[in-house]
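The values are calculated or read from the model by the stated rules, or taken from the named source; none is laboratory data. Computed from a predicted model, the values in this text were never measured in an experiment. In this analysis, Cβ positions are derived from the backbone assuming ideal geometry, glycine residues included, and neighbour counts consider all displayed protein chains.
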Amino acid sequence: MKKLQLIAGALLICAAGNAQSLTDGFESYTVGNYLGSESSNWETWSGVNGGADDVQIVDDLANGGDNAIYFEAASAAGGPDDVVLPFGGQYTTGNFTYEMMIYVASGSGAYWNFQANTTVGQEWAFECTMNQDGDIDIANTNGPLLTGSYTTGQWVELSFEIDLNQNEWEFFVDGSSQGSFSNTINKVAALNIYAYNNTNGGNGSAIFWVDDVSYEYTSAILPDDNGALTGINPVNGLVGQAKKPTVMARNLGVNDITSFDVDLTYNGTTITESVTGVSLASYDEYAVEFTDAVTLVAGSNMMTATIKNVNGAASDDDSSDDDASTTVDPTAPGLNKMVVVEEATGTWCGWCPRGAVWMEYMQETYPENFIGLAVHNGDPMVYAEYDDGIGTLIGGYPSSLVDRGGDIDPSVMEGDFLDRVVLDASAELCLSASLDETEEEMTVTLMVTPTSDFDDSWRVAVALSENGVTGTGSQFAQANYYSGGASGELSGAGHDWHNAANPVSANDMVYDHVARMIEPSFNGLEDAFPDGGEIAETYTFEFTIDVSNEWDLDHLHVIGMLMDGNGLIDNGAQVDYNDALSIECGVPTVGLNDVVRHSSDDLKVYPNPASNMVNINADLKAGVDNQIVVRDVMGRVVFNQTISDQAGLYQVNLDISKINSSVYIVEMTSGSSIVSAKFIKQ
């Protein structure tokens with residue numbers, strides 16, 4: 001690791017040619033004075049030097065010389081100590097190194113970050129939290145980047161080596177690399193140190209000293225022709241999902257780039273994306289969005305990308321920056337699990353566009369496992385019973401409940417979703433619907449098939465949501481506190497909200513996930529399972545819903561919920577209304593509870609439960625065709641075989657390793673005789 005030479009007892013600032021550097025050991029400052037007042041290089045977050053957020057020069061603890069700067073949080077909320085060291089400009093290319101010594105008191109933590117822009121408070125390149133247990137977490141607004149460890153109660157050297165050209169950030173503790181990452185915010189402009197320790201397991205106590213701060217920036221020297229890859233955007237999702245990766249390419253040469261290819265390899269498969277018709281000048285970046293998808297597989301696996309054929313040439317002038325890689329470790333969803341997210345919102349709520357953006361993101365990112373319901377308050381889309389129910393569980397707007405868990409901001413719903421989606425559901429749910437156009441009534445049927453036993457406190461409910469809802473008048477206009485950009489950028493759900501008006505007029509608003517009703521109540525049907533739920537049995541519920549209003553049935557979703565005795569939603573199901581009209585839940589010929597059995601010896605299934613193989617022994621009848629069918633609890637056929645001109649004992653050795661864990665029904669039809677058995681795939 002390249003070390004910066006510190007000159008004891010002096011402040012050294014250098015700026016020559018293509019380099020900018022600074023080292024500060026605080027030795028030239030007067031003990032007891034404030035840093036911002038003593039130094040022309042340091043300032044405070046507020047801009048008021050010597051004020052409440054400035055820090056003092058101290059000599060009670062130092063690393064090499066006599067002086068250091070001291071931080072102490074006045075409360076668990078952090079602050080007021082909050083100082084900034086500008087780096088002399090914003091750097092987006094070249095090489096940047098940073099180093100400092102820090103002493104965190106035992107039982108305390110610390111916090112610092114790099115600002116991405118010369119105006120502080122706009123964008124954080126990264127944030128480093130150091131808690132009292134010695135854990136280091138580095139993240140930015142787009143998510144976690146790296147973890148590491150340190151020791152409290154002693155001086156520790158923290159350093160970064162950053163190649164901004166290739167977007168390679170490596171972090172060191174006492175000279176030992178803690179790892180490297182590609183940063184989605186690949187730029188630096190200033191250091192910020194703040195007295196804070198209240199996230200990532202922090203206990204609220206922040207007491208620490210900082211000494212020997214130094215940085216050095218060196219600008220890049222470019223070859224003639226050089227296409228580079230600076231990273232692969234994070235690939236998140238669930239096992240089995242198809243994802244289209246995005247790879248970041250950059251011209252790190254003097255000459256323009258007009259074409260290139262990128263190969264991407266994951267799980268033994270390579271796909272190629274060709275880029276033509278572009279004109280990338282030096283330092284220009286380009287997001288290569290693949291048209292082909294990769295299917296996420298279980299486990300932690302490398303995804304690698306390589307740029308080639310730059311401007312049609314076999315190679316460019318620097319092969320060292322042709323590759324990028326990332327680790328892909330998707331979440332494995334639980335058996336049959338869908339997660340229900342209820343968002344409390346209203347057109348009058350100026351922060352509620354945030355909820356709409358995150359609901360859209362979750363629907364697009366996890367379409368097979370996410371169910372969203374936007375529960376409106378105080379506007380024309382309100383459904384009073386739903387609004388009243390969710391109102392008892394939230395503290396304000398916008399809020400969200402993930403499977404009826406704790407009240408959280410919509411911007412963090414993904415974390416709670418990922419905590420819930422890995423859990424096995426206690427039952428499979430099936431939804432179907434029918435419509436009586438004369439009576440203007442919809443009948444929704446919810447079938448529950450437990451995959452584990454549960455007690456008699458569990459409940460069920462059904463709901464309807466509608467997409468594409470519009471209206472006229474001021475009550476359909478959406479208040480927008482993001483207007484003007486002072487509260488940051490927010491894009492999604494049809495708008496760049498920071499560029500939109502406040503309010504956004506009704507003519508420009510389209511509302512999705514609108515909760516139209518919930519039956520029989522917000523808390524679900526009491527006594528739904530008088531004797532509890534028994535594995536492999538089926539329980540059917542019907543709900544009649546008035547549809548005489550102006551809902552657009554073509555945009556409706558039918559939603560089912562199974563709630564446990566604590567009020568949490570154990571599982572959900574969702575189907576488009578038009579699809580629900582054609583669904584028949586259960587086994588069409590023989591029901592789980594209505595099996596016709598002529599003889600238990602006619603059909604035997606073992607082992608039961610089974611994991612990889614199941615044996616089916618059937619006593620075939622003479623003179624008729626014998627058919628063996630295996631179905632899941634939704635009636636879908638997973639195995640079908642007809643045996644003709646054969647009688648007596650017949651065995652099927654069925655490989656079930658690739659089917660979902662669930663309950664399955666085996667039927668043998670011999671003429672007019674039907675025999676059935678069931679088994680559990682673990």
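Which residues, counting only those in segment 401-424, are surrounded by 23 or more Cβ atoms within 10 Å (Cβ to Cβ) and in a loop (DSSP other than H, G, I, E, B)?
Asp403
Within segment 283-295, can you find the residues that are in contact with a strand residue (DSSP E or B) (Cβ under 6 Å, 6 or more places away or on another chain) and either in a loop (DSSP other than H, G, I, E, B) or within 16 Å of Met248 (Cβ to Cβ) (or both)?
Listed by number, the residues that qualify are Asp284, Glu285, Tyr286, Ala287, Val288, Glu289, Phe290, Asp292, Ala293.
Taking segment 438-451 as the region of interest, how many residues are more than 29 Å from the chain's Cα centre (by Cα) and part of a loop (DSSP other than H, G, I, E, B)?
3
Hey, can you tell me all the residues within segment 196-253 that are of a type outside the set (Gly, Ala, Ser), within 30 Å of Ala73 (Cα to Cα) and touching a Ser or Thr at 6+ places or on another chain (Cβ under 7 Å)?
Hits for segment 196-253 are Asn197, Thr199, Asn200, Ile207, Phe208, Tyr215, Glu216.
Among the residues of segment 1-40, which ones are in contact with a Gly (Cβ under 9 Å, 6 or more places away or on another chain), modelled with pLDDT of 95 or more and assigned to a loop (DSSP other than H, G, I, E, B)?
Across segment 1-40, the qualifying residues are Gly25, Phe26, Glu27, Ser28, Asn33.
Those residues that are farther than 28 Å from Arg404 by Cα and either surrounded by fewer than 17 Cβ atoms within 10 Å (Cβ to Cβ) or in contact with a Pro (Cβ under 8 Å, 6 or more places away or on another chain) (or both), I need them from segment 483-503; list them, please.
Gly484, Gly485, Ala486, Ser487, Gly488, Glu489, His495, Asp496, Trp497, Asn499, Ala501, Asn502
Within segment 135-151, how many residues turn out to be touching a Pro at 6+ places or on another chain (Cβ under 9 Å) and either outside the structural domain of Lys187 (by the TED database) or surrounded by fewer than 17 Cβ atoms within 10 Å (Cβ to Cβ) (or both)?
Within segment 135-151, residues that are touching a Pro at 6+ places or on another chain (Cβ under 9 Å) and either outside the structural domain of Lys187 (by the TED database) or surrounded by fewer than 17 Cβ atoms within 10 Å (Cβ to Cβ) (or both) number 2.
So Gln475 fits all but one of (1) crowded, with 20+ Cβ neighbours inside 10 Å; (2) under 21 Å from Trp348 (Cβ atoms); what number is the exception?
So Gln475 meets the others, but not (1).
Have a look at Leu252, Leu280, Leu264 and point out the one that is assigned by the TED database to the domain that holds Ser300 and in contact with a helix residue (DSSP H, G or I) (Cβ under 9 Å, 6 or more places away or on another chain).
Leu252
Does Ser300 count as under 21 Å from the mean Cα position of the chain (by Cα) and among the polar types (S, T, N, Q)?
Judged against the criteria, Ser300 is a match.
How about segment 120-160: which of its residues are farther than 17 Å from Tyr194 by Cβ and assigned to a loop (DSSP other than H, G, I, E, B)?
The answer is Asp133, Gly134, Asn142, Tyr150, Thr151, Thr152, Gly153, Gln154.
Which residues, counting only those in segment 515-551, are assigned to a strand (DSSP E or B), closer than 30 Å to Ile680 by Cα and hydroxyl-bearing (Ser, Thr, Tyr)?
Tyr539, Thr540
Would you check if Asp387 is modelled with pLDDT of 95 or more, within 30 Å of Val297 (Cα to Cα) and either outside the structural domain of His557 (by the TED database) or buried (at least 17 other Cβ atoms within 10 Å of the Cβ) (or both)?
no
Mind listing just one residue for me: the one in segment 489-511 that is part of a strand (DSSP E or B) and touching a residue at least 24 places away in the same chain (Cβ under 8 Å) and, of those, farthest from Gly471 (Cα to Cα)?
Per the criteria, the residue is Ser491.
Just the residues that are in contact (Cβ under 8 Å) with a residue 24 or more places away in the chain and assigned to a loop (DSSP other than H, G, I, E, B), please, taken from segment 601-611.
Result: Asp602, Asn608, Pro609, Ser611.
Scan segment 227-249 for residues that are modelled with pLDDT under 95 and of a type in the set (Ser, Thr, Tyr) and jot them down.
Once the filter is applied, which keeps residues that are modelled with pLDDT under 95 and of a type in the set (Ser, Thr, Tyr), segment 227-249 yields only Thr230.
So for segment 52-64 (the condition being closer than 23 Å to Phe126 by Cβ and either among the hydroxyl-bearing types (Ser, Thr, Tyr) or outside any strand (DSSP E or B) (or both)), does at least one residue qualify?
Yes, segment 52-64 has at least one match.
Going through segment 335-387 one residue at a time, which ones are more than 24 Å from Asp496 (Cβ to Cβ), among the acidic types (Asp, Glu) and touching a helix residue (DSSP H, G or I) at 6+ places or on another chain (Cβ under 9 Å)?
Glu342
Could you tell me whether Thr306 is surrounded by fewer than 17 Cβ atoms within 10 Å (Cβ to Cβ) and among the polar types (S, T, N, Q)?
Criteria not met by Thr306.
Can you tell me which of Gly175, Gly143, Gly153, Gly201 is at pLDDT below 95, touching a strand residue (DSSP E or B) at 6+ places or on another chain (Cβ under 9 Å), on the phi > 0 side of the Ramachandran plot and of a type in the set (Gly, Ala, Ser)?
None of the others qualify; the one that does is Gly201.
Out of Gln154, Gln132, I need the residue that is farther than 22 Å from Ala287 by Cβ and surrounded by fewer than 17 Cβ atoms within 10 Å (Cβ to Cβ). Which one?
Answer to the check: Gln154.
I'd like the full set of residues that are in a loop (DSSP other than H, G, I, E, B), within 28 Å of Ser434 (Cα to Cα) and under 29 Å from the mean Cα position of the chain (by Cα), limited to segment 452-469.
If the condition is that a residue be in a loop (DSSP other than H, G, I, E, B), within 28 Å of Ser434 (Cα to Cα) and under 29 Å from the mean Cα position of the chain (by Cα), then Asn467, Gly468 are the ones that fit.
If you check every pair at least six apart or on different chains, which have Cβ atoms under 6 Å apart with a residue in segment 76-100 that is free of Cβ contacts under 8 Å to residues at least 12 places away in the same chain first and a residue that is in a strand (DSSP E or B) and buried (at least 19 other Cβ atoms within 10 Å of the Cβ) second?
none
Can you name the residue in segment 181-206 that is small (Gly, Ala, Ser) and more than 23 Å from the chain's Cα centre (by Cα) and, of all such residues, is surrounded by the most Cβ atoms within 10 Å (Cβ to Cβ)?
It comes out as Ala206.
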